[in-house]
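Just so it is clear, none of the values below were taken in a lab; they were calculated from the coordinates. All values reported here derive from a predicted model rather than from experimental measurement. Cβ: placed from backbone, ideal geometry, glycine included. Neighbour counts: every protein chain shown.
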Amino acid sequence: MTWLLLLIVWLCWGLSYPFMAWTLEAVDLITARLLANVGAGALLLLLCLRAPGRHILPHREEWCGVLALSLLIMVVFPFALIAGVMLVGPGQTAILNYTMPLWASLLAVPVLGERLDRRTLMALGLGLAAVLLVLAGTAGAEGPSGLGVTLGLAAGATFGAGTVLSKKLRFRSPVLLITAWQLLLGTPPAFAVWLLLYDYTYLHPDAGRGLFGLFYMVVFANALAYAAWFPVLGRLKASVASLSLLVVPCLGVASSALLVQRQIGSFDVAALICVLGAIALVVQRPAEPPAAEETRRQTG
């Protein structure tokens, strides 16, 4: 079941990079994020209404945690990510964003008490090498690539922090309900930014490809992907779960080259080789039984 959920996450987020570029043909990034939060959150909440018990609100003591996760994962992370796509390109941003395992693994040591074994450290080293290769590949590019690289790294750091916080918090409410409210609570900040930057927003209803991209971002890259991701995160260590996502930039670069005609340079190829090496290390790593992990966390 975990592998099936991971496959859903890989496909939904891997293909989201070129579809995000398509989306920007129809709406600006602020409007796109606002619609994604509202649409995906409402969709998941409707699914919760059909579940046994029909709970639509988290428990009272869970609201602070849900709000914190919402600000990290549903507000700061997506805005930094989409802006990075605009400035650097979807393929390169896909790789930069997936420095997330580095941040998640480092934070998991003091926050969750996880230990970094040799395979994890080697995988993190390869992931860092991939980032340095992307930096080298964009150094001579035209445009504000420095800002784009910074935003891509900021997206990865924010999502990594959100991953660790998700493991730290203990929710009694269903995962689907917590996910729905993370998306919905991210709507007011997005709306505030939308009002502030209203003069820079746009809508092109005749951009068919862009509207399809927006539909994909709402239904697949947000509703379906997050509904699959949080259960995965609950079953794996934060470092292992985040490292498993290194599949996504591979799909992001390949699909971007195919769908938005982004050229893949030699630095991108070298970065992907590093990412694949990190994935191999994670796949070959023996899994820790959930019971053993829980016992270790309680004892030390």
Please list 221-227, 46-52 highest first by mean number of surrounding beta-carbon atoms within 10 Å per residue. 221-227, 46-52
Computed over the chain: relative contact order in percent, which uses C-alpha pairs under 8 Å that are six or more apart: 40 percent
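What ranking do GLU25, GLU114, GLU62 get, fewest neighbouring Cβ atoms within 10 angstrom at the top?
Working: GLU25 15, GLU114 23, GLU62 18.
The most exposed by this proxy come first: GLU25, GLU62, GLU114.
For a test of the definition: using alpha carbon positions, the gyration tensor, and the 1.5 limit on a/c, classify segment 2-299 as rounded, prolate or oblate.
Details: a/c = 1.77, a/b = 1.06, b/c = 1.68.
Oblate is the answer for segment 2-299, as a/c is 1.5 or above yet b/c matches or exceeds a/b.
Helix check for the chain. Which DSSP H runs span at least 20 Å along their own axis by Cα, with a mean Kyte-Doolittle hydropathy no less than -1.0? Provide the component values of the computation, followed by the final result.
Details: long enough: 29-50 (32 Å, 1.75); 118-138 (30 Å, 1.55); 145-168 (35 Å, 0.82); 266-284 (27 Å, 2.18).
Sorted by number, the helices that extend far enough and score high enough are 29-50, 118-138, 145-168, 266-284.
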Roughly how far apart, in whole Å, are the Cα centres of segment 36-50 and segment 71-128? 27 Å
Mean shadow of segment 113-252, computed from the convex hull of its alpha carbons, in nm²? 11.3 nm²
Value of [θ]222 nm, deg cm²/dmol, for the chain, DSSP H segments ≥ 4, -39500 (n - 2.57) each, nearest 500: -23000 deg cm²/dmol
